[in-house]
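Asker: Submitted below is the structure of interest, expressed as structure tokens.
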Amino acid sequence: MLVTTTEMFKKSMEEKFAIGAFNINNMEIIQGIVDAAKEAKSPVILEASSSAIKFARINYLTKMVEAAVEENPEIPIALHLDHGPDFETCKMCVDAGFTSVMFDGSKYDFEENVQKTKEVVEYAHSKGVVVEAELGKLAGIEDDVKVESNDAIYTDPEQAREFVERTGCDSLAIAIGTSHGAYKFKGEAKLRFDILAKVKELIPNTPIVLHGASTVVPELLAMCNKYGADIPGAKGVPDEILREASTSGVSKINVDTDLRLAMTGGIRKVFIEEPSAFDPRKYLGEGRNLVKETVYHKMTNVFGSANKI
Ligand code: G3H
Ligand code: 13P
Ligand code: ZN
């Protein structure tokens with residue numbers, strides 16, 4: 001069933017688990033994710049970035065998701081815009097049938113972020129669509145080195161409270177030490193759970209979102225590298241930390257990098273092990289299998305969303 005995130009987030013806050021939001025770019029990724037959700041009996045968020053929309057084209061994405069929903073009437077599926085850069089992109093997705101949009105105003109100063117988020121909230125709500133907003137900046141690995149002396153990149157819990165109150169956003173992405181991509185930590189992986197706890201204390205009814213939360217699954221990374229990739233020293237958020245986040249008030253966990261590694265690992269494996277293979281169904285199929293396995297593991301063993309439909 002195509003739904004907004006309202007009910008799934010409510011349940012996640014009541015029962016202390018998180019829902020995976022997985023980035024979609026093509027049919028095989030969508031199928032891998034949804035097949036995993038079906039098997040795990042888990043609610044799921046399919047999210048598309050504006051570059052994914054440019055690549056796959058919005059009609060193809062919405063129609064493929066429509067097919068996934070039709071095939072899985074028992075699974076709550078939300079279609080979400082990831083990192084909407086401006087009002088127009090958010091509006092385009094609302095009008096195209098997305099049930100949730102993110103407006104990412106984190107690059108603006110506080111007041112401008114409030115104003116621009118409000119505009120999106122007003123339009124989206126008038127069409128029954130929910131809005132995720134972001135406050136605080138996700139650290140890059142270089143920023144992370146100076147993190148102790150630079151508390152400013154983390155979300156300020158007091159500001160988060162004011163932001164939610166003034167914008168009316170439905171969920172909030174916060175910065176507690178994660179970052180996008182395959183290189184999140186140089187040393188030990190660490191998140192600021194103290195900030196998360198304070199945020200939850202001040203805005204207990206607002207679902208909290210964690211971006212940049214891929215594990216950079218060691219087995220997938222090793223597979224990519226074994227079959228010819230060169231991705232040295234990559235490091236993500238370990239499963240134990242994501243498990244803790246899932247039971248400590250995070251309602252939505254964003255995953256893109258792990259799916260990229262899964263697709264790439266599967267495709268590379270076929271190319272190297274079977275040099276004579278040139279049927280796209282063979283190598284894309286292997287990628288799809290690995291996407292499914294990866295998502296299923298997260299739902300059942302990490303986020304706790306299995307059997308929560
Ligand atoms: O947070 C960003 C996501 O990983 C999407 O990345 O803009 O390359 O599709 P993308
Ligand atoms: P990762 O790069 O850690 O997969 O994060 C994805 C994300 O936050 C999408 O918005
Ligand atoms: Zn993100």
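The values are calculated or read from the model by the stated rules, or taken from the named source; none is laboratory data. The structure displayed is predicted, hence computed values, not measured ones. For neighbour counting, all protein chains shown are included, and Cβ atoms are generated from backbone atoms with ideal geometry for every residue, glycine included. Just so you know, the surface numbers come from the protein's heavy atoms only, side chains and all, with ligands and any DNA or RNA stripped out. Shrake-Rupley method; radii C 1.70, N 1.55, O 1.52, S 1.80 Å.
Asker: Filter the stretch 39-59 for residues that are open to solvent by 10 Å² or more (accessible area, probe 1.4 Å) and more than 16 Å from ligand 1 (Cβ to nearest atom); which is farthest from T300 (Cα to Cα)?
Answerer: Restricting to residues being open to solvent by 10 Å² or more (accessible area, probe 1.4 Å) and more than 16 Å from ligand 1 (Cβ to nearest atom), the top hit is N59.
Asker: Let me ask something else. Report, by residue number, each residue of the stretch 79-92 that is open to solvent by less than 60 Å² (accessible area, probe 1.4 Å) and either under 21 Å from I253 (Cβ atoms) or aliphatic (A, V, I, L, M) (or both).
Answerer: L79, H80, L81, D82, H83, G84 - these are the residues of the stretch 79-92 that are open to solvent by less than 60 Å² (accessible area, probe 1.4 Å) and either under 21 Å from I253 (Cβ atoms) or aliphatic (A, V, I, L, M) (or both).
Asker: Here is a follow-up. Between I208, I203, I241, I195, which is in contact (Cβ under 8 Å) with a residue 12 or more places away in the chain and within 16 Å of ligand 3 (Cβ to nearest atom)?
Answerer: I208
Asker: Taking the options S100, S12, name whichever one is open to solvent by less than 30 Å² (accessible area, probe 1.4 Å), more than 16 Å from ligand 1 (Cβ to nearest atom) and not charged (D, E, K, R).
Answerer: That would be S12, the only listed residue that is open to solvent by less than 30 Å² (accessible area, probe 1.4 Å), more than 16 Å from ligand 1 (Cβ to nearest atom) and not charged (D, E, K, R).
Asker: Moving to a separate point now. For the condition crowded, with 22+ Cβ neighbours inside 10 Å, modelled with pLDDT under 95 and within 16 Å of ligand 1 (Cβ to nearest atom), what is the one hit in A175, A133, A139?
Answerer: Of A175, A133, A139, the one residue that is crowded, with 22+ Cβ neighbours inside 10 Å, modelled with pLDDT under 95 and within 16 Å of ligand 1 (Cβ to nearest atom) is A139.
Asker: Let me ask something additional. Taking K235, is it open to solvent by 50 Å² or more (accessible area, probe 1.4 Å), within 15 Å of ligand 2 (Cβ to nearest atom) and over 29 Å from C169 (Cα atoms)?
Answerer: yes
Asker: List every residue pair whose Cβ atoms lie under 6 Å apart, where the two residues are 6 or more positions apart in sequence or sit on different chains, the first residue falls within the stretch 73-86 and is within 11 Å of ligand 2 (Cβ to nearest atom), and the second residue, located anywhere, is open to solvent by 10 Å² or more (accessible area, probe 1.4 Å) and among the polar types (S, T, N, Q).
Answerer: Short answer, once both residue conditions are applied: D82/S49; H83/S49.
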